[in-house]
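What follows is a single structure, written as structure tokens, with notes after it.
The values are calculated or read from the model by the stated rules, or taken from the named source; none is laboratory data. The shown structure was predicted, so the numbers you read here are calculated from the model rather than taken from an experiment. Cβ placement follows ideal geometry from the backbone for every residue including glycine, while neighbour counts extend to all protein chains displayed.
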């Protein structure tokens, strides 16, 4: 099978370390996994699981050592304008039909993940990941919230580890839609937005709120608000391609994620992952994490993530679910794509995770997964450091 691999930051040649550090790490992880497949006799004797791999990368980010390190993967260097996402889309329209399948990483921001998935699907190429419909539902955090709220009664109940063996539904944080189009219109007219007044009572008794773009990625654009005035000011500088933003209750707790494999119907949790997030004046900053992470609510978190993923048709391959562990487990968002913990997980598993992702996307989940050891990963200025934890 002819497979194309690419990661958005590295193919576009983005110089923003916020995206490039994690992007390069995920691209190199995929190349390493698929290169090992080609050099493994156990895989190569099965024709349906052999791959002829090519990967797209910006010429300025290509390293000669890649040729030796991943000798079974063919580099395709490009010179796209980092500010013009249509360069990649145009290339795919002209060339993606030369491949049978594609696995790629892109952000939900500006609906890039959705648009690229839709484009590749339209050319009849198999995406080794979620369908465009599933991606769209997860890219707009408001739509994800609406879906889960509407379908809570249909999502499988989650058994708690207690004597009564009781059950609970997915815990959703109170979420409100802010019409940015109306806000900006009112701002132009009189420097104050009356449409926000309905949210003023949310800040009573020193209550905190969180504002974020509906299509945000990582911690981009998220701010903790202490007053109604801060809400008004933060919206003035918000950058999003959507006509709405999301306002949510602030929940004290530990940020974490669950990594899963899914075949579009059934999901298999891999691990619970700690997220190291720093609060500062500019908002939130993601600095790394720990994989896997043990917590008293671990099993319940894995079950909740599994049920959430299975409630959305078409989530396939690798999927990440962000949660907050507090007095109970709160849902944050779904990432219908590869996420940073993959870089550590692939070194802890008894199977080739890249192959498992490809198999899962084509309908075949592994029978079982075993993790050995624990890694911390720290986001540096130039690379993602992976550290073995004793």
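Candidates are the residues of region 172-196 that are over 29 Å from the mean Cα position of the chain (by Cα) and outside any helix (DSSP H, G or I); the one that is modelled with the lowest pLDDT is 191.
Checked against (1) touching a helix residue (DSSP H, G or I) at 6+ places or on another chain (Cβ under 7 Å); (2) assigned to a strand (DSSP E or B); (3) closer than 27 Å to residue 133 by Cα, residue 289 passes all but condition (3).
Let's see how each residue does on (1) within 25 Å of residue 97 (Cα to Cα); (2) in the same structural domain as residue 7 (by TED's automatic domain parsing); (3) modelled with pLDDT under 90:
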site: 25; (1), (2), (3): no, yes, no
site: 33; (1), (2), (3): yes, yes, no
site: 38; (1), (2), (3): yes, yes, yes
site: 42; (1), (2), (3): no, yes, yes
site: 45; (1), (2), (3): no, yes, yes
site: 55; (1), (2), (3): yes, yes, no
site: 58; (1), (2), (3): yes, yes, no
site: 70; (1), (2), (3): yes, yes, no
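Does region 104-113 contain at least one residue that is within 25 Å of residue 136 (Cα to Cα), modelled with pLDDT of 95 or more and in a strand (DSSP E or B)? Within region 104-113, one or more residues are within 25 Å of residue 136 (Cα to Cα), modelled with pLDDT of 95 or more and in a strand (DSSP E or B). Applying the set (1) in contact with a helix residue (DSSP H, G or I) (Cβ under 6 Å, 6 or more places away or on another chain); (2) under 23 Å from residue 224 (Cα atoms) to residue 336 leaves exactly one unmet item: (2). Determine, yes or no, whether residue 224 is under 19 Å from the mean Cα position of the chain (by Cα) and either outside the structural domain of residue 320 (by TED's automatic domain parsing) or at pLDDT 90 or above (or both). In short, no.
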